[in-house]
Amino acid sequence: DSTALTDTVTFDADIESNINPDTTDSYYIGNVTRQWNDISTRLVNGQLVGVGAATVGGIDLTHRAGNMLYVSKEGLDTNVGDHPNGALLTIEEAIARVDSSTAGPVTIRIAPGVYEENLPLVIPSDVSVQGVDIRNVVVKPTAGSESKDVFHVDDNTTISDLTIKDYQYNSGNNTGYAFRFSPNAVITNRSPYIQNVTIITSGSVTSASDPRGFNQGDAGKGAWIDGAELDSASIEASMLFHAATFITPGVDAITMTNGVRVEWLNSFTYFANRGLYAVNGSTGRTAYGTTNYGAEVRSIGSASVYGNYGAVADGADTLMYLIQHNFGYIGAGKFVDNDDSRAIQSQEVTELN
């Protein structure tokens, strides 16, 4: 009845035959403004079900946890993004969604897969980027951004449980690091935190005798931690690493300069030119009208293995606490045969200037 506000369909007896449309097409039972109140059925077969809410066994399947964005290789950048079944395709799009929001701290959750991204990925403050598995979530550059930095980090940002690989160092621009401060970032709350992350890079030219491109000297570097890149309003210039592995053949793993402090906990460098490199710096970090130079690192339960130099402190105000820090075959460069004769113990700890 087209004039009635409600309709009721009642079957007073069992139905023992099918009720089918007379043509192969789609049909609507009700519409947006006139909906059935309750339909009780044991089984519904169909290709597409569109609902505003779906409750199964007391669980609302459309519920959002809040302050979470999801990224998946099965996702689309046009999806809602804030539900696991409506994941985005790229980390870049997730960051853009966060950046346009004013809602509190946000976590970007990444499903397993290899993600080719336009670099750098600039992480806003109060944002965590979290893979579900350190081995099976891989971030690498898309074509054209191989020599750019991977992650720029800000106040209270976290990067965890993923692998970063296949980017290169550009000496002309001093780019090609896995991590560095976002330009003019203001660190006032909590320092950027890097946890359960693996960096795997190689030089642009490899060979059977140099499979990691150690001799080329242009492999992607680990972290550039420079206090001069922060805004002077920053209370601290620090970065924390926990359970990180940096495989950076022939180039420096982490470089610290211009008034910064670094925590390096249960972390490792392999094949680095210099594993831990603290240098005084020429610009300094300006804070509260004072310019601070140098760098401090506290390494606990960590190691530098292979490569040229282990820990290098260059210039005044560079300080390293190396607590239970192991040096394995430093001086052996690219070689992994664990030949003691290749080790150069004088290059394990080096003090300059």
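Numbers at a glance
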quantity	calculated
Selection status of TYR293, hydroxyl-bearing (Ser, Thr, Tyr) and either free of Cβ contacts under 8 Å to residues at least 24 places away in the same chain or more than 23 Å from ALA243 (Cβ to Cβ) (or both)	yes
Odd one out for THR318 among (1) under 30 Å from ASP231 (Cβ atoms); (2) open to solvent by 50 Å² or more (accessible area, probe 1.4 Å)	(2)
Selected residue (only one of GLY333, GLY310, GLY301, GLY328 is open to solvent by less than 30 Å² (accessible area, probe 1.4 Å), more than 14 Å from THR257 (Cα to Cα) and touching a residue at least 60 places away in the same chain (Cβ under 8 Å))	GLY333
Matching residues, the stretch 266-286, being open to solvent by less than 50 Å² (accessible area, probe 1.4 Å) and either closer than 16 Å to LEU322 by Cβ or in contact (Cβ under 8 Å) with a residue 60 or more places away in the chain (or both)	SER267, THR269, PHE271, ALA272, GLY275, LEU276, TYR277, ALA278, ASN280
Of residues in the stretch 82-117 being under 22 Å from THR163 (Cα atoms) and of a type in the set (Asp, Glu), the one surrounded by the most Cβ atoms within 10 Å (Cβ to Cβ)	GLU93
Filter pass, TYR270 being under 22 Å from THR201 (Cβ atoms) and over 26 Å from the mean Cα position of the chain (by Cα)	no
Matching strands (runs of 3 or more DSSP E) fully within the stretch 161-232 where at least 3 residues are surrounded by fewer than 20 Cβ atoms within 10 Å (Cβ to Cβ) and under 15 Å from the mean Cα position of the chain (by Cα)	193-200
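Okay, residues lined up against (1) outside any strand (DSSP E or B); (2) of a type in the set (Ser, Thr, Tyr):
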{"site": "VAL251", "(1), (2)": "yes, no"}
{"site": "MET256", "(1), (2)": "no, no"}
{"site": "ARG261", "(1), (2)": "no, no"}
{"site": "TRP264", "(1), (2)": "no, no"}
{"site": "ALA278", "(1), (2)": "no, no"}
{"site": "THR283", "(1), (2)": "yes, yes"}
{"site": "GLU296", "(1), (2)": "no, no"}
{"site": "SER299", "(1), (2)": "no, yes"}
{"site": "ALA316", "(1), (2)": "yes, no"}
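One line per residue, one yes/no per condition, for (1) at pLDDT below 95; (2) at negative phi; (3) in a loop (DSSP other than H, G, I, E, B); (4) exposed (fewer than 14 other Cβ atoms within 10 Å of the Cβ):
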{"position": "GLY52", "(1), (2), (3), (4)": "yes, yes, yes, yes"}
{"position": "ALA65", "(1), (2), (3), (4)": "yes, yes, yes, yes"}
{"position": "GLY75", "(1), (2), (3), (4)": "no, yes, yes, no"}
{"position": "VAL80", "(1), (2), (3), (4)": "yes, yes, yes, no"}
{"position": "LEU119", "(1), (2), (3), (4)": "no, yes, yes, no"}
{"position": "SER128", "(1), (2), (3), (4)": "no, yes, no, no"}
{"position": "ILE159", "(1), (2), (3), (4)": "no, yes, no, no"}
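The values are calculated or read from the model by the stated rules, or taken from the named source; none is laboratory data. Note that this is a predicted model, so its numbers are computed, not measured. Because the Cβ atoms are built from the backbone with ideal geometry, glycine has one as well, and the counts that use them run over all protein chains shown. Areas reflect the complete protein model, heavy atoms only, side chains present, ligands, DNA and RNA absent. Shrake-Rupley method; radii C 1.70, N 1.55, O 1.52, S 1.80 Å.
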